[in-house]
Amino acid sequence: MVAREFKLPDPGEGLVEAEIVTWRVAVGDPVKVNDILVEIETSKSIVELPSPYAGTVSALLAAEGDMVEVGRPIISVEDGVAGGPVAAPTVAAPVDAAPAADAATGGRVAMLVGYGPKTADTRRRPRTNGRAPEPVATQAHEQFADTFSTAEPVSRRADDREPLRADPGTPAGTPLPDPGPAAPEPHPVGGAVLAKPPVRKLAKDLGVDLATVVGSGPGGVITRDDVTDASHREGDEGAGAPAESVPSNQGAPEPVVSSPEPARPSPEPARPSPEPVEGDTRIPIKGVRKATAAAMVSSAFTAPHVTEWVTCDVSATVDLVNRLKERREFRGVRISPLLIVAKAVCLALSRTPQLNSFWDEPAKEIVLKGSVNLGIAAATPRGLVVPNIKGAQSMSLLDLAGAINEIVATARDGKTQPAAMAGGTFTITNVGTFGVDAGTPILNPGESGILCIGQIARRPWVVGTGDDERIEPRWVTTLAVSFDHRLADGEQGSIFLATVAQTLSDPGLALLF
């Protein structure tokens with residue numbers, strides 16, 4: 001019976017971990033190649049993972065709700081037959097293994113996702129005595145061996161060290177000087193730091209410099225306990241230490257008071273968590289909600305936001321939506337005022353391309369996009385996601401309606417893929433569905449504009465002119481547009497918002513574009 005372990009693959013987009021949401025199989029279930037094994041949630045979306053092997057599930061190596069790092073085994077399949085090239089084994093092969101194994105892997109195996117077998121031949125230096133070979137390096141050392149330079153030897157064995165030579169003028173037979181006490185065991189300082197991403201994140205939050213921490217894990221790997229202990233030590237030192245007496249160079253020891261060492265700038269330590277209170281509910285910051293929070297903070301503090309507002313009569317848009325619902329080609333398609341707003345946005349962006357652009361800092365250029373990738377913000381149980389419709393400006397009203405329905409339904413099911421959320425150029429968010437009049441939206445990172453739609457409600461409105469002027473109940477809404485002031489001035493932002501409002505007030509004006 002051969003058991004193969006399936007490791008969590010790299011989902012792309014620079015992600016390093018994922019949460020196990022739902023197992024689709026159980027121990028003892030037969031599986032075929034490409035059968036869905038599990039649903040995982042990344043910071044982008046929920047992804048289904050197919051099986052690369054055929055056989056019987058022998059073990060589930062991660063539970064639902066666990067956060068798993070990329071490259072960690074999550075399931076074991078017995079008698080599996082790979083659907084493609086078989087991945088390298090997960091245990092390092094001994095250096096003196098069979099020649100066939102050495103020829104295939106060069107004595108090294110892939111330990112991390114993205115690392116392949118070493119292609120260069122591994123040659124061992126001939127020994128000078130008949131001693132048995134030294135124990136093979138530990139698995140942790142093999143895992144991090146590529147982080148060190150091997151261009152020059154860093155040490156030599158005690159039994160292969162050249163004898164010390166006396167000075168040329170020393171008579172023969174003079175005993176060699178005492179080498180003195182043994183030097184402390186060295187550890188890497190200033191070189192590559194051996195620590196996993198979660199440990200690096202913890203060190204950053206606690207303000208600990210990993211270059212000053214000695215790892216206690218296998219092969220010198222820095223663990224979470226090492227970082228925590230280092231943080232406590234720094235805290236104790238910062239609290240003050242008793243004065244010490246330092247001996248002077250002459251006479252009896254005399255007390256010396258040293259001036260305090262200048263404070264070193266360090267990152268602000270993480271705030272301690274408040275004491276738990278009965279009735280409180282704690283929600284882990286992870287997945288989509290974690291990614292959304294990071295994106296909004298980045299956007300708010302990198303792009304100078306400007307927001308403009310307008311309240312308009314959209315009774316003509318409501319009438320148009322009702323007429324579209326009665327047409328044969330729109331049967332079975334969900335129609336709402338959002339469809340007309342999306343079309344109006346595409347038309348307005350053709351007049352003000354500055355709101356469909358992005359700031360290219362490395363090139364020092366403003367790039368006006370030739371296509372409108374229209375994002376539709378969708379609220380889901382896992383947080384806010386913004387899939388976008390590629391090339392929305394060239395779609396007919398019917399095609400645009402179908403595209404909106406599709407991406408919203410996919411988002412609410414938690415099936416939106418990272419590619420569907422990449423490359424957006426402008427976003428629409430609708431807070432009116434919650435009975436809210438308006439809001440000040442925050443830009444999606446990399447985009448130049450976002451339009452917020454308030455609720456469409458019946459309100460008193462002045463209609464007519466002159467002697468025909470009167471107050472009537474009308475369908476009214478408030479629109480708010482936020483834009484990056486580096487890319488667009490108040491003129492372009494105002495023209496865009498006025499164009500959208502005029503189109504919603506009189507959809508027939510769309511014939512002018």
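The values are calculated or read from the model by the stated rules, or taken from the named source; none is laboratory data. Everything numeric here is computed off the predicted structure, so don't read it as measured data. Keep in mind that these areas ignore ligands, DNA and RNA; they rest on the heavy atoms of the full protein, side chains included. Shrake-Rupley method; radii C 1.70, N 1.55, O 1.52, S 1.80 Å.
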**Prompt:** Taking a probe of 1.4 angstrom, what is the accessible area of residue 16 in Å², to the nearest 10?
**Reply:** 80 Å²
**Complete:** For residue 79 the rounded accessible area (nearest 10 Å², probe 1.4 Å, non-protein molecules ignored) is 80 Å²
**Request:** Calculate, for region 419-504, the solvent-accessible area per residue in square angstrom, rolling a 1.4 angstrom probe over the heavy atoms of the protein chains.
**Result:** 44 Å²
**Asked** With all protein chains present, how much of the accessible area of region 387-430 (probe radius 1.4 Å) comes from carbon and sulfur, to the nearest whole percent?
**Response** 56 percent
